[in-house]
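Peer 1: The structure is given below, and queries will be raised subsequently.
The values are calculated or read from the model by the stated rules, or taken from the named source; none is laboratory data. Being a predicted model, the structure only gives us computed values, none of them experimental. Every residue, glycine as well, gets a Cβ built from its backbone with ideal geometry; the counts of neighbours run over all protein chains shown. Surface accessibility is based on the protein's heavy atoms, side chains included, excluding ligands, DNA and RNA. Shrake-Rupley method; radii C 1.70, N 1.55, O 1.52, S 1.80 Å.
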Amino acid sequence: MQNYINLYPAFISLVEQHLPSGYKKIFARPQQAPDGAIEWYSDINGQPVALTALSPAEKEKAQALLQQKLVVIAQLYQKLAKNNGAPADVLQVLSLANYQPDERGIWVVDGQPVITAWSESPVAPMAPVARQRRGWLGALLLLLLALLALVAFLLLRGCAPTAKTPAPAVSPPSLPVRQVCPAKRTKQQAPEMVVIFDASGSMAISMDATPDELRRLMQDKPVDNIEREPRRISLAHRSAKQVIDEVPKDMDISLVSAATCQQVFVSSSLPFSRRNELKQAIDKIQPVGKTALAEALEKAGKLVDGVARDAIIVLITDGEETCGGDPCEVARQLKLKKPRLQVNVVDIMNTGAGNCIASNTGGSVYAVNNTQEFNEMMKRAVKEYIPEGCD
């Protein structure tokens, strides 16, 4: 444990260097008290609550948030380990992100999960380099895991009446830039946004198509009036334009239309004064061919900073990649290069096609199963980028 305490500053500095501050905050800061007890501190202001004490819904939400962040940290470890981008002992601590935290060592502070202990269940495949470095490094990792497992016992001691209570954080909580009103942030701090439209042929299908009609369509059987309104693309047009009206005025928005393979069209980054032009461009998008998600993501990623500024890509799609690309890998590479970028997916008909894209970028999936859900899911996809209480 002393070794972990000693390495903690270098480990957190590494995470902070490559990822937004929200990632380092999931790791509690250990400190050894004069009587030998291990005390744990968090920079998040609030009352810690044990994960095991939460309601099932709250627990599931905290676990999902933690899982998203651990996947990104595990990917950072794989990248740095492959390139020898950090000292071996610090990398070994970083590699803990490949393992599920022990539930008894997870606390939730102001809705954010904070880790103090780990188990040995992997959350992501270890990088090939990690499998090649067995021996004393592997032994060191096992030792660290054993020591961290001890934390649960020490933390329980912290709940006893005779234990010391860690002092609350003295620094006031600060809002993420994306939740700060435009009047209180500079233009250079304003997040950037890209909307990707899947303009493949299936987007012409009616949202009111019955299960039997969809089944016949999948079997290449004729289906009368399958493209009747409301079509998927029509609802996507309408909902996207409504959401754009709510996006803060200081956020520039770009548009990507994935018409078919090798036909992905990109607009320039449009300021608030050109939003009517943006809406007109959205109305012109019509279903054409296959689904080029990988190419669309790659081009969208080039339109935003994602390093010095927050960026969100909203992907509206109704199916899987059909142009031979690997959107999951594209998303993973984008996140490594642009840690402040996330992709939220509006998944029409809940196909699951965008799940890996969202998880690889710290984003979320919003499933649309019927006409009534379309507007609501679109709003949720951008909600965290629309500050509350602004003039």
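Peer 1: What aspartates and glutamates sit close enough to Lys338 to cross-link, taking a C-alpha to C-alpha distance under 19 Å and skipping anything fewer than 8 places away on the same chain?
Peer 2: Within the straight-line cut-off, Lys338 pairs with Glu16, Glu192, Asp252, Glu295, Glu298, Asp305, Asp310, Asp326, Glu329, Glu384.
Peer 1: Please compute the modelled spin-label separation between Asp220 and Gln100, points set 7 Å along Cα→Cβ, answer in nm with one decimal.
Peer 2: Those two pseudo-labels are separated by 4.3 nm.
Peer 1: Okay, moving on. Under the Karplus relation 6.51 cos²θ - 1.76 cosθ + 1.60, θ = phi - 60°, what is the ordered set of whole-Hz ³J(HN,Hα) values for segment 105-111, x standing for Gly and Pro?
Peer 2: The phi angles translate into x, 10, 10, 10, 10, 6, x Hz.
Peer 1: With θ set to phi - 60° and the Karplus curve 6.51 cos²θ - 1.76 cosθ + 1.60, what are the ³J(HN,Hα) couplings of segment 323-337 in order, to the nearest whole Hz, using x for Gly and Pro?
Peer 2: Once rounded to whole Hz, the list reads 10, x, x, 10, x, 5, 5, 4, 4, 4, 5, 4, 5, 5, 7.
Peer 1: Applying a 10 Å radius around every beta-carbon, put 292-300, 222-230, 249-257 in order of their mean neighbour count, most first.
Peer 2: Values: 292-300: 24.8, 222-230: 11.7, 249-257: 21.0.
My ranking of the peptides, most packed first, is 292-300, 249-257, 222-230.
Peer 1: Could you check the spin-label model distance between Lys279 and Asn355? Points 7 Å from the Cα along Cα→Cβ, value in nm.
Peer 2: Once both label points are built, they end up 3.7 nm from each other.
Peer 1: Put +1 on the Cβ of every Lys and Arg and -1 on every Asp and Glu Cβ in segment 1-116; which of Gln17, Ala53, Tyr4 then has its Cα farthest towards the positive end of the dipole?
Peer 2: Farthest towards the positive pole: Gln17.
Peer 1: May I ask you to list the lysines whose Cα is less than 18 Å away from that of Lys241, ignoring any residue fewer than eight positions away on the same chain?
Peer 2: Partners found: Lys249, Lys279, Lys284, Lys379, Lys383.
Peer 1: Still on this structure: For labels at Lys184 and Asp89 in the simple 7 Å Cα→Cβ model, what's the distance in nm?
Peer 2: 4.2 nm
Peer 1: Hey, can you find the accessible area per residue of segment 1-87 for me, probe 1.4 Å, expressed in square angstrom? If you can, show how the numbers build up before the last one.
Peer 2: Working: 4230 Å² over 87 residues.
I get 49 Å² per residue for segment 1-87.
Peer 1: Among the lysines, select those whose C-alpha is under 23 Å from the C-alpha of Lys290, and discard any that sit fewer than 8 residues away in the same chain.
Peer 2: Partners found: Lys221, Lys299, Lys302.
Peer 1: Rounded if a/c is under 1.5, else prolate if a/b is larger than b/c, else oblate: which is segment 267-343, with a ≥ b ≥ c the root eigenvalues of its Cα gyration tensor? Numbers along the way, then the final one.
Peer 2: Details: a/c = 2.65, a/b = 1.05, b/c = 2.51.
Cα axes put segment 267-343 in the oblate bin.
Peer 1: Now for a different question. Test of understanding: what is the full-extension gain from Asp326 to Ile386, defined as 0.36 nm times their sequence separation minus their Cα-Cα distance?
Peer 2: Working: separation 60, 0.36 × 60 = 21.60 nm, distance 3.07 nm.
18.5 nm is the gain from fully extending Asp326 to Ile386.
Peer 1: Taking 0.36 nm per intervening residue step and subtracting the Cα-Cα distance, what contour gain separates Ser55 from Lys302 on full extension? Let's see the in-between values first.
Peer 2: Numbers: separation 247, 0.36 × 247 = 88.92 nm, distance 4.12 nm.
Extending this stretch completely gives an extra 84.8 nm.
Peer 1: Note down the net charge around Thr351, summing +1 for each Lys or Arg and -1 for each Asp or Glu among other residues with Cβ under 14 Å from its Cβ. Mind dumping the intermediate values first?
Peer 2: Working: positive: Arg232; negative: Asp198, Asp318, Glu320, Glu321, Asp347.
So the surrounding residues net to -4.
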